[in-house]
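Input: a single structure, listed below in structure tokens.
A short reminder: the numbers here are calculations on the coordinates, not readings from a lab. As the structure is a prediction and not an experimental result, all values here were calculated from the model. FYI the Cβ positions are ideal-geometry reconstructions off the backbone, even for glycines, and counts take in every protein chain you see.
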Amino acid sequence: MTTLLLSLLFALVQAAVPGVRPLPAPLTVARWWDPPPTPYAAGHRGVDLSAPVGAEVRAVGPGRVHYAGRVAGRGVLSLTLPNGLRTTYEPVRALVAEGEAVTAGQVVAVLTEGSHCPAPCLHWGLLSGEAYLNPLTLLPRPAPRLLPDPGPAGP
């Protein structure tokens with residue numbers, strides 16, 4: 001039942017927000033999303049994307065700045081997206097203020113030091129209410145490309 005609900009949430013996320021990469025391509029995942037089995041259990045409630053300090057961080061969709069400030073000594077930026085989804089970036093220096101409207105692809109922050117990864121990285125999270133989701137589901141899927149049929153093999 002939980003798997004079905006998560007699958008439905010993923011489908012809604014993809015339909016609700018047009019995805020823009022938070023960092024320039026190609027994205028390199030340093031640590032994958034690993035949801036905890038219970039709300040207070042250990043897990044990884046987002047993805048870590050490798051990037052150099054100073055990298056521009058972009059809004060993955062249109063929305064409004066929910067929070068821009070420090071949490072536990074790190075700069076955090078949280079945006080409320082359509083349908084109440086909330087995406088969070090850290091460690092960053094926000095370039096926007098709480099309450100400000102943002103557009104998809106707008107540079108909203110700069111990556112700073114203070115990462116929990118061995119090398120600099122952006123921790124990117126996604127929430128629907130109190131449920132953590134895989135933020136990579138916001139990104140557009142590549143279009144499948146069909147190749148021509150080579151026909152029957154020769155003798």
In the stretch 50-155, the trypsin sites (Lys or Arg not before Pro) that fall in loop regions by DSSP, at most 13 other Cβ within 10 Å: 145
Given a cut-off of under 8 Å on Cα pairs at least six residues apart, what relative contact order in percent is computed for the stretch 11-95? 24 percent
Pairs of alpha-carbon atoms within less than 8 angstrom and 6+ residues apart define the contacts here; what relative contact order does the stretch 36-155 have, in percent? 29 percent
When the Cα centres of the stretch 122-136 and the stretch 66-85 are compared, how far apart do they sit, in Å? 11 Å
